[in-house]
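The values are calculated or read from the model by the stated rules, or taken from the named source; none is laboratory data. Since the model is a prediction, treat every value here as computed from it, not as a measurement. Counting neighbours? That spans all protein chains shown, and the Cβs are built from the backbone with ideal geometry, glycine included.
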Amino acid sequence: MLTKDDVKSQTRSGRQLTCAGVLYVVALPIGNDEDISARALRVLSEVDLIACEDTRRMARVLASHSIGTPTVSYFEHNETHRIPNLIARLRAGARIALASDAGTPTISDPGYRLVRACIEAGVRVTAVPGPCAAITALVIAGLPTDRFAFEGFLPPKAGERKRLLLQLATEKRTLIIYEAARRLPQLLSEVAATFGPQRRVAVVREATKVHEDIVRGTVAEVAEYFSSRQALGEVTLLVEGAPVSGRITTCPELDPSRVVGALLEVGLSLKDASLAASKITGISRREIYQGAVSARKVTDSK
Ligand code: SAM
C-alpha cells in the first residue's frame, strides 16, 4: 500500500489540491541496476500507470523486479498530446508514476510540462528521488561542490553556443554540462578557446557502470587526451568556476576586441557587446567601447 508519507496533506503551493490522484516523479538508475531504491520499486508496483519514455525499456526493468504495472509512452514528441489524458486520469483519482530512460525525470528529460500541468490542475506531485548524472558526476569530479550551476546540453547552434560559453566564462560556480560522447572533443576545444587552456575540468564517463572512468586535468590536457582516444558511452563534463578575482588573461579569445567581435557577430549591438565584453574580461565598458569604435574607424578608412 502507498503510505501516508506518500500522500501527505497539501503543501502551501498556492493552489488547492482538488483530487486524490498523485503524480510520482520516480528516479531510475543511470547505469547500475542496483541503484534503484526500495521506495521506487514499491511505488512502481503500486501505482495504476507508469508514464515512461520507452515502454520496452521500462518493460525490462519491471520484468526484472516482477512488477506488472501497465505503462504508457511519454516522450518529448508526444508530451503535449499525452498530458490532457494523464491529467484527466489523475483528476479521476489515478496514481501515476513518471519515469525517464535513466536518472531523474525532468532533468534534461521530459516531464517538466506534466509536472506544471498537474500543479495547474490541482494534482499533487511528489518525488521519489534517486540517481541523477549531474550530481553523480559532480561528487566524484574533485571540483568544488559548494556552489555549482547545471547547464544541461548546450545549444546546438554555433552562434548561440558561443554566446552562452562567453557568458559562462566568468561564472564562479562549478559548471555541469551534458554532452553526447561523439561531440566531447569539440566541446573541450570550445571550452579551452573561451575559458582559457588552464581551466580545470573533469570528464566523468559511464558513471556507476563497469567502465566508469574520470579524466581530470586542465582543459588543454583533457582535450589532448581525448584527441587520440574515442570517448565512448555517456559523458558529463565538469568545469571549474572562474577565479574569484582578477582578469582572465590566459586566453587569447578573451582579448576584449575579439570578445566584442564575437558578440557583434552573433547580433549584439556595439553598446550591448561592450557591456557583455566588460563583464567577461573585467575591462571597463568605456575602454572596450572606445577601442571598438577606433578599430571601426581604422577599418573604414582602409
Ligand atoms: N535525466 C538524466 C539524469 O537525471 O541523469 C539525464 C538524461 S540526459 C538525456 C542524458 C545525459 O546525461 C547524457 O548525454 C550524459 O551527458 C549524462 N549521463 C547520463 N548517464 C550518465 C553516466 N552514466 N555517466 C556520465 N554521464 C551520464
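For every residue, the table says whether it meets (1) surrounded by fewer than 19 Cβ atoms within 10 Å (Cβ to Cβ); (2) basic (Lys, Arg); (3) away from the ligand (no atom under 11 Å from the Cβ); (4) not assigned by TED's automatic domain parsing to the domain that holds Ile87.
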position	(1), (2), (3), (4)
Pro105	no, no, no, no
Gly111	no, no, no, no
Val123	no, no, yes, no
Ile140	yes, no, no, yes
Arg147	yes, yes, yes, yes
Gly152	yes, no, no, yes
Arg161	yes, yes, yes, yes
#### Entry: Whichever residue in the range 113-158 is in contact with a Lys or Arg (Cβ under 7 Å, 6 or more places away or on another chain) and in a loop (DSSP other than H, G, I, E, B) and, among such residues, is nearest to Ala27 (Cα to Cα)
Val123
#### Entry: In the range 181-226, residue nearest to Ala102 (Cα to Cα) [restricted to those that are free of Cβ contacts under 8 Å to residues at least 24 places away in the same chain, assigned to a strand (DSSP E or B) and within 16 Å of the ligand (Cβ to nearest atom)]
Asp213
### Task
Output the residue which, of all residues in the range 227-239 that are part of a loop (DSSP other than H, G, I, E, B) and in contact with a helix residue (DSSP H, G or I) (Cβ under 9 Å, 6 or more places away or on another chain), is farthest from the ligand (Cβ to nearest atom).
Gln230
### Task
Pull up the range 125-137, narrow it to residues that are more than 10 Å from the ligand (Cβ to nearest atom) and of a type in the set (A, V, I, L, M), then point me to the one that is surrounded by the fewest Cβ atoms within 10 Å (Cβ to Cβ).
Ala127
